[in-house]
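Undergrad: My questions will all concern the structure given below.
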Amino acid sequence: MKDVIEIIKTRRCVRNYKEDQIPDDDIKFLIDCAGYTPSGLNMQPWGFLVIKNKDVLRRLSEFGKKSMIPLLEQFKNTSQAAADFLSFLKTEGSDMFYDAPLMVIVLGNNKAPTAAYDCAMAAQTIMLAAHSIGIGSCWIGGVQRALMDEKIMKELGIPEGYIIVAPLIFGYPKGSTEMPERKEPEVVWVK
Ligand SMILES: Cc1cc2nc3c(=O)[nH]c(=O)nc-3n(C[C@H](O)[C@H](O)[C@H](O)COP(=O)(O)O)c2cc1C
């Protein structure tokens with residue numbers, strides 16, 4: 001295991017994966033780590049949906065692409081990133097999940113007042129823990145709209161009262177990923 005600061009600074013969103021699946025014991029380890037995340041009123045309002053089935057992943061990616069394409073069309077002339085992403089999604093056979101073998105969706109119990117914050121932090125915990133044991137990850141916000149479809153939530157077996165907070169993909173990185181530019185943060189000091 002590496003030093004925590006090194007882990008924070010070297011974690012990258014991985015978009016190129018090997019085919020190898022992550023063993024269940026490692027997935028359980030990551031979910032256990034997520035449980036140590038702080039949460040409002042200590043409600044620990046997270047749940048986890050683990051998807052290893054290739055057909056299900058492929059279908060979700062296709063739904064995600066269908067829901068994202070019209071949205072990105074609106075921004076393609078004002079954002080180069082949107083135009084690039086659009087052309088990737090329109091490419092025949094492209095996979096929104098970059099052929100990652102595993103998706104873990106962090107679900108939030110909507111009875112907890114801070115579920116969205118708590119679960120977003122749990123997502124970061126799980127991604128950092130994964131990086132510490134050589135597993136790459138990426139948050140796929142682009143599939144969020146498709147996942148929020150009632151029929152899909154039912155099909156996936158998401159329990160009543162849970163919202164989708166963080167669709168995360170995992171796998172062993174193929175090659176290395178360059179760090180995107182880091183901006184100087186806006187900081188206001190009151191001394
Ligand atoms: C809420 C959220 C949604 C994201 N959605 C996507 C996505 O749909 N597809 C993707 O390739 N990356 C997605 N990312 C990853 C970001 O693009 C990435 O974290 C950012 O470019 C910084 O790169 P780094 O994580 O390697 O530091 C998302 C990240 C966050 C936090």
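The values are calculated or read from the model by the stated rules, or taken from the named source; none is laboratory data. For clarity, every value in this text was computed on a predicted model and none was experimentally measured. Heads up, the Cβs are rebuilt from the backbone with ideal geometry, glycines too, and the neighbour counts pull from every protein chain shown.
Undergrad: Inspect all residues belonging to region 85-98 and state whether any of them is within 15 Å of the ligand (Cβ to nearest atom), under 17 Å from Thr10 (Cβ atoms), crowded, with 21+ Cβ neighbours inside 10 Å and touching a residue at least 12 places away in the same chain (Cβ under 8 Å).
TA: No, region 85-98 contains no residue that is within 15 Å of the ligand (Cβ to nearest atom), under 17 Å from Thr10 (Cβ atoms), crowded, with 21+ Cβ neighbours inside 10 Å and touching a residue at least 12 places away in the same chain (Cβ under 8 Å).
Undergrad: Could you please tell me which pairs satisfy a Cβ distance under 7 Å, a separation of 6+ or placement on different chains, a first residue in region 139-159 that is within 23 Å of Leu89 (Cα to Cα) and aromatic (Phe, Trp, Tyr), and a second residue that is in a helix (DSSP H, G or I) and within 16 Å of the ligand (Cβ to nearest atom)?
TA: Pairs that qualify, where the first residue is within 23 Å of Leu89 (Cα to Cα) and aromatic (Phe, Trp, Tyr) and the partner is in a helix (DSSP H, G or I) and within 16 Å of the ligand (Cβ to nearest atom), are Trp139/Ala123.
Undergrad: Which of the residues that make up region 117-143 are near the ligand (Cβ under 9 Å from one of its atoms) and under 16 Å from Gly47 (Cβ atoms)?
TA: Ala120, Ala123
Undergrad: If you don't mind, another one. Taking region 152-171 only, how many residues are more than 16 Å from the ligand (Cβ to nearest atom) and either surrounded by fewer than 12 Cβ atoms within 10 Å (Cβ to Cβ) or not β-branched (Val, Ile, Thr) (or both)?
TA: So the count comes out to 9.
Undergrad: Do you know which residues across region 99-123 are surrounded by 22 or more Cβ atoms within 10 Å (Cβ to Cβ) and either at pLDDT below 95 or not aliphatic (A, V, I, L, M) (or both)?
TA: Answer for region 99-123, where residues must be surrounded by 22 or more Cβ atoms within 10 Å (Cβ to Cβ) and either at pLDDT below 95 or not aliphatic (A, V, I, L, M) (or both): Gly108, Asp118, Cys119.
Undergrad: Quickly run through region 4-49 and pick out the residues that are within 16 Å of the ligand (Cβ to nearest atom), among the aliphatic types (A, V, I, L, M) and not in a helix (DSSP H, G or I).
TA: Val14
Undergrad: Same structure again: If we scan region 15-25, do we find a residue that is surrounded by fewer than 18 Cβ atoms within 10 Å (Cβ to Cβ), more than 19 Å from the chain's Cα centre (by Cα) and within 24 Å of Asp99 (Cα to Cα)?
TA: Yes, region 15-25 has at least one match.
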